[in-house]
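Here's the structure, in structure tokens; my notes come after.
The values are calculated or read from the model by the stated rules, or taken from the named source; none is laboratory data. Source: prediction; values computed, not measured. Backbone-built Cβ (ideal geometry, glycine too); neighbour counts: all protein chains shown.
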Amino acid sequence: MKTAVEELSPTRVKLTVEVPFEELETSMQAAYKKVAQQVRVPGFRPGKVPARIIEQRFGRAVVLEETLNEALPRLYGQAVDESDVFPVSRPEIEVTKIEDGKEVEFTAEVDVRPAFDVPDYQGLEVTVPTAEVSDEDVDTQIDALRQRFATLTGVERAAGNGDYVVMDLSATIDGRNIEEQQASDVSYEVGAGSVLQGLDDALVGMSAGDEKTFTTTLVGGENAGEEADVTISVKSVKEKVLPELDDDFAGLASEFDTLEELRESVRAQARRSKLFEQVVESRERALTALLDKIDIPLPESALTAELDARKHNLEHQIGESGLSREAYFRLYQTTEEERFAEFDENSRKAIKVGFVLDKIAKQEELGVTEPELTNFVMRRAAQLGVAPNTLAQHLADNDQLTLAMVEIVRDKAKTVVGDAAKVVDDAGNEVDLKAIYAELNPEQEGAPADAQAAE
């Protein structure tokens, strides 16, 4: 087999493949067997029709067509391997010559990863947040812990932001009750930001037993987008009471006996979090600095596929939310146009990042070990809330293990770039990543911190 490569653009090539007929022998024999199973000839059982009878009755062209259907995917893959191109789209294949018994020629046009060089990434200068833990940082964490152990106590006063109310809701359009918009004993934090516009403003100042009606636009259900009159009946008002900040609280919220022990533990955890943040940020910012030095043309098909995937996921999220499109974007304080512009920017960066990390992985000869794949599956299973064996089987059944290994290798390549950078913190202090690795992984001194586990 002989393959010629013609560059149509920096991101698209045309392969012209010449195949001697003898290389099609295995596929041709398979084609005869398949056709024999499909045709019915008097005097012969299905699958037992001789090749010469098939050609006499149905023509050799039928066999040749079946032969090429079976052989072309394999021959295309072989041509790609021999040509050292990296396809990123499905090929457009055309058979251009068939000389029966002598030769077959076909062409394949396909978008490919463009050729580019990765500049030296040793000593890239990046700045990351400091790892210093302040008393304010500790107080913030302690306060969040107090919020988790807060209790709700009924009050005989009007509701304000931060209070909780129990209420009944009903909605009407032109005096007609909307059944799916009726709800009883709804618990809600005033000021939390309901997608039902006007709800928070209406609740402020209401007391138990009060009723109020306001006009708003419905955001879900069959009447989404229509204007309705919503009636609120407040049944009770409760305020959040935080536990006293003392040793008793420390014993309630943790395994520690004193508040001081709890604060020291929180401080140590905060330091670990900030160290992990330095590791993650050093890798991300070093990679960004490297990307800024590289100009890579992007294959249009790859960009379209990435954008379509993100838009499809957005449509799924909107559908699952039960909200109208307008309410969904209002909830996330954005617009459809802004979200699509964000998709375009992020898609371009994602493709470029993949190209660069794949090239670095190849240069550094990075691979995936079985323990690394096992750890990846266990982490991902924990994130998804499924059993590791279940996820592993799903990945294997859906041919996604290769994608998992690509993700692992790319993360290792990002680590290589981050470790090669010159890192300082916001205060101008040099950040020693190896020292951080030793502090975070004392049992594996010098081993890179696992950014995915940190996240």
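Restricting attention to the range 235-250, which residues are outside any helix (DSSP H, G or I) and hydrophobic (A, V, I, L, M, F, W, C)?
Within the range 235-250, 237, 241, 242, 245 qualify.
Can we say residue 320 is surrounded by fewer than 12 Cβ atoms within 10 Å (Cβ to Cβ) and modelled with pLDDT of 95 or more?
No, not satisfied.
If a residue must be touching a helix residue (DSSP H, G or I) at 6+ places or on another chain (Cβ under 6 Å) and touching a residue at least 60 places away in the same chain (Cβ under 8 Å), how many such residues does the range 65-90 contain?
Residues in the range 65-90 being touching a helix residue (DSSP H, G or I) at 6+ places or on another chain (Cβ under 6 Å) and touching a residue at least 60 places away in the same chain (Cβ under 8 Å): 2 in total.
Out of 384, 391, report the one residue that is surrounded by 16 or more Cβ atoms within 10 Å (Cβ to Cβ) and either closer than 29 Å to residue 418 by Cβ or in contact with a helix residue (DSSP H, G or I) (Cβ under 8 Å, 6 or more places away or on another chain) (or both).
391
So that you can scan it fast, the table gives a plain yes or no per residue for (1) assigned to a helix (DSSP H, G or I); (2) at pLDDT below 95; (3) surrounded by 15 or more Cβ atoms within 10 Å (Cβ to Cβ):
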{"site": "252", "(1), (2), (3)": "yes, yes, no"}
{"site": "266", "(1), (2), (3)": "yes, no, yes"}
{"site": "278", "(1), (2), (3)": "yes, no, yes"}
{"site": "281", "(1), (2), (3)": "yes, no, yes"}
{"site": "287", "(1), (2), (3)": "yes, no, yes"}
{"site": "302", "(1), (2), (3)": "yes, yes, yes"}
{"site": "308", "(1), (2), (3)": "yes, no, no"}
{"site": "330", "(1), (2), (3)": "yes, yes, yes"}
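On the given criteria, is residue 313 loosely packed, with under 12 Cβ neighbours inside 10 Å and either touching a residue at least 12 places away in the same chain (Cβ under 8 Å) or within 16 Å of the chain's Cα centre (by Cα) (or both)?
Yes, satisfied.
Those residues that are part of a strand (DSSP E or B) and hydroxyl-bearing (Ser, Thr, Tyr), I need them from the range 84-99; list them, please.
Scanning the range 84-99 gives a single hit, 96.
Here are some residues: 5, 41. Which one is farther than 24 Å from residue 96 by Cα, in contact with a helix residue (DSSP H, G or I) (Cβ under 8 Å, 6 or more places away or on another chain) and either in the same structural domain as residue 101 (by TED's automatic domain parsing) or at pLDDT 80 or above (or both)?
So the residue among 5, 41 that is farther than 24 Å from residue 96 by Cα, in contact with a helix residue (DSSP H, G or I) (Cβ under 8 Å, 6 or more places away or on another chain) and either in the same structural domain as residue 101 (by TED's automatic domain parsing) or at pLDDT 80 or above (or both) is 41.
Listed residues 428, 446, 385; which is among the small types (Gly, Ala, Ser) and at pLDDT below 90?
One residue alone meets the criteria, 446.
Out of all the residues in the range 256-288, which are over 19 Å from residue 135 (Cα atoms) and among the hydroxyl-bearing types (Ser, Thr, Tyr)?
Hits for the range 256-288 are 282, 288.
Identify the single condition in (1) under 37 Å from the mean Cα position of the chain (by Cα); (2) in a strand (DSSP E or B); (3) charged (D, E, K, R); (4) within 27 Å of residue 323 (Cα to Cα) that residue 212 does not satisfy, given that it satisfies every other one.
(1)
Identify the residue in the range 229-250 that is aliphatic (A, V, I, L, M) and either in contact with a Cys (Cβ under 8 Å, 6 or more places away or on another chain) or farther than 30 Å from residue 168 by Cα (or both) and, among all such residues, is surrounded by the most Cβ atoms within 10 Å (Cβ to Cβ).
Only one residue fits best here, namely 250.
Just for strands (runs of 3 or more DSSP E) wholly inside the range 115-198: which have at least 1 residues that are in contact (Cβ under 8 Å) with a residue 12 or more places away in the chain, within 30 Å of the chain's Cα centre (by Cα) and not assigned by TED's automatic domain parsing to the domain that holds residue 415?
In the range 115-198, the matching strands (runs of 3 or more DSSP E) lie at 125-128.
Is there a residue being farther than 19 Å from residue 219 by Cα and polar (S, T, N, Q) anywhere in the range 196-208?
The answer is yes; a qualifying residue exists.
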